[in-house]
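Please treat every number below as a calculation from the coordinates, not as lab data. None of these values were measured; they are calculated from a predicted model. Positions of Cβ are backbone-derived with ideal geometry, glycine not excepted, and every protein chain shown enters the neighbour counts.
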């Protein structure tokens, strides 16, 4: 029986500027199968980032339960890659990645160098964040995310600030790393083409209060061409759904 993780959010609310409670997420239930790539596709401001913060344990002010347990009750290891790289500017790229590694210093350094090589940053290991381009900073953040060997990797629109060629290159790299390791990925985006290109499953989400409108499985072989008939038809359906008022 496949390992699964369960996310059940009965209610997540904020107080608005007028002091009134505003419901962000309501009656949301997601089952993740270990090793799958699940994308949360929805309009900007729907609450997708809030959901990731809840799953990551950064936000505990909600009603519901998040069960991320491995066999024998061990907690799953969770990593979160933000929209911004969030690297420590006073540390080299290697030292930034070492922060999440375990073991003796030599082991941590070896692990960091390995992952930097995997993302194409060999030769830049001892440079500082200010010396790198935006694409290179994203690669360093991706190396750090995988270096902690997560069971679940949460990704919050990680490539949204890049130009199209750089973003496409990083999506391809992410796919290669994920296929090699098969960590469970929960990926947030409002980019339909990105969702169709990357995902095993796409959860189409409504605007606030955020709920699941559709749960779509994709079986097309990777790499994918979003202009293929089946994928193009699916993207048009998503566009229509996102355009309609929730």
- Message: Sorting check: for 99-111, 83-95, which peptide has the highest mean count of neighbouring beta carbons within 10 Å, and how do the rest follow?
- Response: 83-95, 99-111
- Task: Note the direction-averaged projected area, equal to a quarter of the hull surface, for the Cα convex hull of segment 36-80, in nm².
- Result: 4.2
- Item | Cα gyration tensor shape of segment 182-244, rounded if a/c is under 1.5, else prolate or oblate by comparing a/b with b/c | oblate
- Query: Per the helix-only calculation at 222 nm, which mean residue ellipticity applies to the chain, given -39500 (n - 2.57) for every DSSP H run of n ≥ 4 and division by its residues, nearest 500 deg cm²/dmol?
  - Reply: -10500 deg cm²/dmol
- Note on the structure: The FRET efficiency for residue 60 and residue 180, from their Cβ-Cβ distance with R0 = 41 Å and rounded to 0.05, is 0.80
- Which whole-number percent is the relative contact order of segment 78-149 (Cα, under 8 Å, 6+ apart)? 46
- Task: Express in whole angstrom the spacing between the alpha-carbon centres of segment 208-246 and segment 23-76.
- Result: 20
- Message: How tilted is helix 105-118 with respect to the longest principal axis of the chain? Cα atoms for both, answer in degrees (0 to 90, nearest 10).
- Response: 60
- Rounded to a whole number, what is D in µm²/s for segment 16-146 from Stokes-Einstein with the Kirkwood radius over alpha-carbon pairs (10 °C, 1.306 mPa s)? 91
- Item | Option label - Cα Rg over 2.2 N^0.38 Å computed here, alternatives [x] 1.04; [y] 1.61; [z] 0.96 | [x]
- Write down the Å³ per residue value for the convex hull defined by the alpha carbon atoms of segment 78-149. 76
- Note on the structure: Dividing the mean separation of Cα pairs under 8 Å (6+ apart) by the residue count of the chain yields a relative contact order in percent of 26
- Using mean Cβ contacts within 10 Å as the protection proxy, how do 19-30, 215-226 order, highest first? 19-30, 215-226
